[in-house]
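Novice: Submitted below is the structure of interest, expressed as structure tokens.
A short reminder: the numbers here are calculations on the coordinates, not readings from a lab. Since the structure is predicted, the reported quantities are computational estimates derived from the model, not experimental observations. Neighbour counts run over all protein chains shown; Cβ positions are idealised from the backbone, glycine included.
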Amino acid sequence: MPAVPASSGSNPAAAKTTARQPGVPRRGAAEPGAPKAPRLPSFAPGAPGRAGDLAAPEADGRSDGLQFEGDDADGLDLEDTVFTDCGFRRVALSGARLARASFGDCEFVDLIAPALEAPGSAWWNTRLERSRIGSAELHGADLRAVLFDGGKLGYVNLRQATLRDVVFRGTIIEELDLGGATLGRVAFEDCRIDALLLNGARLADVDLRGARLRSITGLSGLRGATVDALQLQDLAPLLAAEAGLRVR
């Protein structure tokens, strides 16, 4: 007697399958060739910590679980300090010496810094919301799982820096210098970048599709980035000039 195939009604474990057409991705699958998305924490608000004072840091240079509100750090020496699980609201960091300072699991809201001096600093699992920074000296810095959410940045010096799992969202950047920097899983969402410098940069899974670019220097540094068709049209004359092509 020939075997009778079981129906899904008689066998709950049975599942009806439909062959997928070749070349059609599975539902929910990543777009082929798309850059890998940055991996960010949820940035859920934590319990308010006790009040801190940037002018009176802990003796060992470490601050954990503190809330800084309205502090003015002008002239303070905060080099090599470590902040973990701290909140900063309407804090002014201009004039503070922040070389090699570390910020982990921190949140900044309405950060004000006409001049931010933080070379060699480290930032991880940190969110910066509505920051207004005139000049950010972050050369050699290490940024991992960092979200810039809104705000306006003037000149941002990230030369020789390392950025991994970083998102710029709704941010205006006048000049972004990534010369010699290493970027992996970095995305720009609804951003404007007036000048992008990429001389000697090393990019992997960098998504520029959400950035309005006005000028780019160091086009060879674009290797490893993703742009959309309209951006490619805008870049065509620059790419032709870089390659020595004459278009008639």
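Novice: Filtering region 116-147 down to residues that are more than 20 Å from VAL82 (Cβ to Cβ) and among the polar types (S, T, N, Q), which residue is surrounded by the fewest Cβ atoms within 10 Å (Cβ to Cβ)?
Specialist: SER135
Novice: Take region 137-168 and flag every residue that is under 16 Å from ARG185 (Cα atoms) and of a type in the set (D, E, K, R).
Specialist: Once the filter is applied, which keeps residues that are under 16 Å from ARG185 (Cα atoms) and of a type in the set (D, E, K, R), region 137-168 yields ASP142, ARG144, ARG164, ASP165.
Novice: Let me ask another. Quick check on region 172-182. Is at least one of its residues surrounded by fewer than 20 Cβ atoms within 10 Å (Cβ to Cβ) and under 18 Å from PHE43 (Cβ atoms)?
Specialist: No: region 172-182 contains no residue that is surrounded by fewer than 20 Cβ atoms within 10 Å (Cβ to Cβ) and under 18 Å from PHE43 (Cβ atoms).
Novice: Let me ask something additional. Within the group LEU222, LEU245, which residue is of a type outside the set (Asp, Glu) and buried (at least 19 other Cβ atoms within 10 Å of the Cβ)?
Specialist: Selected residue: LEU222, the only one of LEU222, LEU245 that is of a type outside the set (Asp, Glu) and buried (at least 19 other Cβ atoms within 10 Å of the Cβ).
Novice: Got a sec? Which of ARG192, ARG164, ARG100 is touching a Pro at 6+ places or on another chain (Cβ under 9 Å), under 21 Å from GLY218 (Cα atoms) and among the basic types (Lys, Arg)?
Specialist: Values: ARG192 fails: touching a Pro at 6+ places or on another chain (Cβ under 9 Å); ARG100 fails: under 21 Å from GLY218 (Cα atoms).
Going through ARG192, ARG164, ARG100 in turn, the sole match is ARG164.
Novice: Of the residues ASP165, ASP194, ASP228, only one is more than 24 Å from ASP80 (Cβ to Cβ), of a type in the set (Asp, Glu) and within 14 Å of the chain's Cα centre (by Cα); which?
Specialist: Numbers: ASP194 fails: within 14 Å of the chain's Cα centre (by Cα); ASP228 fails: within 14 Å of the chain's Cα centre (by Cα).
Exactly one residue qualifies, and that residue is ASP165.
Novice: Inspect all residues belonging to region 148-155 and state whether any of them is assigned to a strand (DSSP E or B), in contact (Cβ under 8 Å) with a residue 60 or more places away in the chain and surrounded by 19 or more Cβ atoms within 10 Å (Cβ to Cβ). Can you show your working first?
Specialist: Here is the first cut: in region 148-155, the residues assigned to a strand (DSSP E or B) are 148-155.
Those still in the list that are in contact (Cβ under 8 Å) with a residue 60 or more places away in the chain too: none.
No; the residues of region 148-155 include none that is assigned to a strand (DSSP E or B), in contact (Cβ under 8 Å) with a residue 60 or more places away in the chain and surrounded by 19 or more Cβ atoms within 10 Å (Cβ to Cβ).
Novice: Also, quick follow-up: Please identify the pairs in which a residue from region 207-228 that is on the phi > 0 side of the Ramachandran plot has its Cβ atom under 9 Å from the Cβ atom of a residue that is of a type in the set (Lys, Arg), counting only partners at least 6 apart or on another chain.
Specialist: GLY224/ARG202
Novice: Do we have PRO119 as part of a strand (DSSP E or B), out of contact with any Phe, Trp or Tyr (no Cβ under 9 Å at 6 or more places or on another chain), over 21 Å from ALA44 (Cα atoms) and not hydroxyl-bearing (Ser, Thr, Tyr) here?
Specialist: Taking the combined requirement at face value, the residue does not satisfy it.
Novice: Something else about it: Can you tell me which residue is farthest from ILE133 (Cα to Cα) among those in region 77-97 that are in contact with a Lys or Arg (Cβ under 7 Å, 6 or more places away or on another chain) and in a loop (DSSP other than H, G, I, E, B)?
Specialist: Within region 77-97, the match that is farthest from ILE133 (Cα to Cα) is ASP80.
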